1. Among residues belonging to segment 160-188 that are under 18 Å from Gly74 (Cβ atoms) and part of a loop (DSSP other than H, G, I, E, B), point out the one that is most open to solvent (accessible area, probe 1.4 Å).
2. Report, by residue number, each residue of segment 189-220 that is farther than 25 Å from Gly255 by Cβ and open to solvent by 20 Å² or more (accessible area, probe 1.4 Å).
3. Does at least one position in segment 228-245 carry a residue that is within 29 Å of Ser167 (Cα to Cα), free of Cβ contacts under 8 Å to residues at least 60 places away in the same chain, open to solvent by 10 Å² or more (accessible area, probe 1.4 Å) and of a type in the set (Val, Ile, Thr)?
4. For Ala130, state whether it is open to solvent by less than 10 Å² (accessible area, probe 1.4 Å) and touching a residue at least 40 places away in the same chain (Cβ under 8 Å).
5. Could you count how many residues in segment 248-273 are among the aliphatic types (A, V, I, L, M) and over 23 Å from Gln208 (Cβ atoms)?
6. Which number in (1) modelled with pLDDT under 85; (2) small (Gly, Ala, Ser); (3) out of contact with any helix residue (DSSP H, G or I) (no Cβ under 8 Å at 6 or more places or on another chain) marks the one condition that Ser322 misses?
7. Take residues that are surrounded by fewer than 23 Cβ atoms within 10 Å (Cβ to Cβ) and tell me which of the strands (runs of 3 or more DSSP E) falling wholly in segment 246-289 contain 3 or more.
8. When segment 205-220 is examined, which residues are found to be part of a loop (DSSP other than H, G, I, E, B) and polar (S, T, N, Q)?
Amino acid sequence: MDKLFMVSFLGMLMAVYGVSGNMVYANIGVLNELESFDIEEDNEVNVFDIPSWTSERGCKVLVNVDSFGAVGDGISDDTQAFQKAWDIACSTTQSVFLVPQGRQYLVNATKFQGPCKDNLVIQIDGTIVAPDEPNDWDPKFSRAWLDFSKLNGVLFQGHGVIDGSGSKWWASSCKKNKTNPCRGAPTALTIDKSSAVKVKGLKIRNGQQMNFVISQCDSVRVNAVQVSAPGDSPNTDGIHITSSTNVVLQDCKIGTGDDCISIVNGTSNIKMKRIFCGPGHGISIGSLGKDNSTAIVTKVVVDTAILRETANGLRIKTWQTSAVEINQVMYRNISGTTKSAKAMKFACSDTVPCSNIVLTNVNLEKKDGTVETYCNSAQGFGYGIVHPSAECLNSHDKDCMVITDPASKVELADPSREEIVHTEL
């Protein structure tokens, strides 16, 4: 960080907020640590343009689901063919599990389990579609459709689609109709108990409930993934991260009926960069601490994001009396519009307040009214442009709200010339 800026920032904190020198230096330390949390270069394995596949001379070994009896007409059940192809691909070094382009494969709920041989590539160029009837779903797989687990060093990529066919699941939700029983529904794509995984270029849509879950993983890179579901589809979080560390989401476009990105317990070292969100409920940490449970989330950076008419903006959600620890969260280069007056809401635990929340270069608006920041047991600071104001992070009041006049428009500073080029989802 520039030394002149450091000195100026230190002086600003002392002059404006009257904080002690020790607190200022602590804030500078937190800022330095979050600013230096960088994304690793994406050293991908590019197999898009390889004209042929062979096992000779150490090249990739093609395992095509069509070779195992998959029909790809969207009507025939191709589950068994996928399972057979997976068994071969997983047990073969340098293999490519291929879902060819131009076809639609109907696949029932399936577990694709490792560990697998080295350098496995999962190449999805066609469309994988789920059965659309909830009443015919196998109860053994009540919460997952395509479930990949215990993988290491695996690359998911392709121009294909994972389609959860969720419309009947949404219609039967108690959130859609209060006379319906409340029940869980499957996640479209789950990566669980895995490490050193990369996911690039896929389209995930119409999840029965959540679209994409990363659970109990370490070192996951998600790049240029698109997630979509209708804005009124219930509980269809775009990307949900739980009990995972060292996760990067980059250049993703997400539009759903719930949180675009949700981060929950046992999660640390998460970076989101160049994210487009909308429709949806914004970017959320939580909910955490239900039924008085303990929870920890630390070191989360959201860097360069556009929110477009989201129901909420930036949120931290906890059950107020729970022992929930949230520490070191940075939001920078964030712009857009929300439907809620509470463009930023940091509702933290009364037992363990959130600490070291940092905001810079944030500009969130509401088309037809004022915007505000709500804080409960949340501590941190903002610098540069922050709209609506986040002065409540510096307040010693447990419950605080800052309202910003809609006439006080601000121009958002150039976010390091990193622009998002997007199309509507």
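The values are calculated or read from the model by the stated rules, or taken from the named source; none is laboratory data. What you see is a predicted model; the values in this text were computed from it and never measured. Note that we place each Cβ from the backbone using ideal geometry, even for glycine, and neighbour counts take in every protein chain shown. Side chains included, ligands, DNA and RNA excluded: accessible areas come from the protein's heavy atoms. Shrake-Rupley method; radii C 1.70, N 1.55, O 1.52, S 1.80 Å.
1. Among residues in segment 160-188 that are under 18 Å from Gly74 (Cβ atoms) and part of a loop (DSSP other than H, G, I, E, B), the one most open to solvent (accessible area, probe 1.4 Å) is Ser165.
2. Lys193, Ser195, Ala196, Gln216, Asp218, Ser219, listed by residue number.
3. yes
4. Judged against the criteria, Ala130 is a match.
5. Number of matching residues: 3.
6. For Ser322, the failing item is (3).
7. 267-277
8. Asn206, Gln208, Gln209, Asn211, Gln216 - these are the residues of segment 205-220 that are part of a loop (DSSP other than H, G, I, E, B) and polar (S, T, N, Q).
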